[in-house]
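Chemist: Quick one: structure below, then a few questions.
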Ligand code: HPA
Ligand code: ZN
């Protein structure tokens with residue numbers, strides 16, 4: 001939209017909810033709500049060391065990324081059957097629909113499951129079935145991105161890739177997640193080069209807790225197309241210029257950053273600084289069941305705390321489409337829908 005219509009300030013929250021958006025940073029295992037953890041534990045006869053949903057939720061008080069990951073991997077241990085993976089993804093996709101997410105690019109962590117004896121086929125089949133159904137039943141376009149766990153070895157990442165290749169057509173790319181500090185992107189340079197040859201899209205978590213140097217090596221050695229989080233980039237002016245010039249998208253997750261103590265308060269988040277520097281920032285939920293909100297909660301709370309404008313809302317939603325791995329025609333279609341919703345909200 002060349003000139004954005006004036007939007008009354010009091011209508012901004014409703015506009016944030018209503019505007020179509022893409023979610024590009026969502027770990028499907030991080031959408032597993034405590035209620036579903038308990039239901040699946042019961043269905044599968046898996047013991048969990050919490051007496052109730054409330055007790056489990058009370059354990060969600062994190063001090064850093066690792067304190068979260070320990071409980072996140074424990075929660076995922078209730079996932080056993082293809083139906084479990086379907087049910088988890090379907091629950092997320094229904095929430096996405098309610099938040100006017102029209103496109104979701106969904107991370108999954110196969111090593112968390114294959115290490116427990118769950119077959120790769122089981123994981124991918126359940127998640128894929130939910131994605132196919134979302135297109136027809138919800139009007140949500142969804143694709144999968146396979147993440148390698150960076151605390152494990154590159155050799156294990158290669159084995160995981162081999163196990164997944166029979167289902168190459170069921171995921172569009174690969175990512176890199178788990179414990180960042182001490183596991184720099186360069187540890188995975190060879191496996192990412194192989195994935196690049198296979199025509200997979202490449203993304204990686206970098207600069208969540210780790211230094212700007214990790215963002216540089218994600219770009220230059222892994223050759224990623226997007227950086228997940230990337231918020232530490234603001235400590236390096238040269239990196240900020242590079243990200244702006246090359247229009248490298250950052251998939252920012254404000255409530256995650258708050259809950260993992262990357263920023264002390266939401267008011268201190270640097271999303272505005274990233275936008276002001278011309279970076280292609282997007283807003284996402286990361287692990288919504290653990291961090292207190294889905295994507296619209298991230299928009300609403302961040303706008304409330306930092307005073308971002310309707311223009312910035314439009315930019316963030318438009319960036320989410322620009323940064324997604326869909327074709328130019330689809331990007332245009334979603335941008336038109338975005339403009340239509342903004343026009344409805346004009347004074
Ligand atoms: N960072 C790293 N690994 C993760 C995250 C995250 O925010 N969420 C799930 N796995
Ligand atoms: Zn993440």
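Chemist: Quick check: the angle from helix 154-164's long axis to the longest principal axis of the chain, C-alpha only, nearest 10 degrees?
Modeler: Helix 154-164 and the main axis of the chain meet at about 90 degrees.
Chemist: Along each of the three principal axes of the Cα atoms of region 158-279, give the extent in whole Å, ordering the values from largest to smallest.
Modeler: Rounded to whole Å, the extents work out to 46, 30, 26 Å.
Chemist: Round to the nearest 10 and give me the degree value, 0 to 90, for the angle of helix 82-98's Cα axis relative to the longest principal axis of the chain.
Modeler: So the helix axis and the longest Cα principal axis differ by about 10 degrees.
Chemist: Quick one: helix 295-306 against the long Cα principal axis of the chain, what's the angle to the nearest 10°, folded into 0 to 90?
Modeler: Once rounded, one gets 50 degrees.
Chemist: Can you give me the Kirkwood hydrodynamic radius for region 18-140, using every pair of distinct Cα atoms, in Å to one decimal? Don't skip to the end; give the middle numbers.
Modeler: Details: mean 1/r = 0.0661 Å⁻¹.
For region 18-140, inverting the mean 1/r across all distinct Cα pairs yields 15.1 Å.
Chemist: For the chain, what value does the Rg/Rh ratio take when both radii are computed over Cα atoms and Rh is the Kirkwood radius, given to two decimals? Let's see the in-between values first.
Modeler: Numbers: Rg = 19.1 Å, Rh = 20.3 Å.
My calculation puts Rg/Rh at 0.94.
Chemist: Could you state, as a whole-number percent, how many of the C-alpha pairs of region 1-67 are farther apart than 20 Å? Present the calculation step by step, with values, prior to reporting the outcome.
Modeler: Numbers: 1257 of 2211 pairs.
Result: 57 percent of Cα pairs exceed 20 Å.
Chemist: Once Rh for region 165-223 is found with the Kirkwood sum over Cα pairs, what is the Stokes-Einstein diffusion coefficient at 4 °C and 1.567 mPa s, in µm²/s? Intermediate values should be presented prior to the final figure.
Modeler: Numbers: Rh = 11.8 Å.
This corresponds to a translational diffusion coefficient of 110 µm²/s.
Chemist: What does the highest-first list of 303-311, 336-344 look like by mean Cβ count within 10 Å? All intermediate terms of the calculation are to be shown ahead of the outcome.
Modeler: Values: 303-311: 16.6, 336-344: 15.0.
Highest-to-lowest ranking by the protection proxy: 303-311, 336-344.
Chemist: Roughly what would the spin-label model give for residue 193 and residue 181, points 7 Å off Cα along C-beta, in nm?
Modeler: Taking the two extended label points, one gets 3.0 nm.
Chemist: Using all alpha carbons of region 222-288, what is the percent of pairwise distances in each 10 Å bin, ordered from the shortest bin to the longest?
Modeler: Binned Cα distances yield the sequence 22, 55, 22, 1.
Read-outs throughout are calculated quantities, based only on the coordinates presented, and are distinct from any laboratory measurement. What you are looking at is a predicted structure, and each value in this text was computed from that prediction instead of being measured. Reconstructed Cβ throughout: ideal geometry from the backbone, glycine too, with neighbour counts over all protein chains shown.
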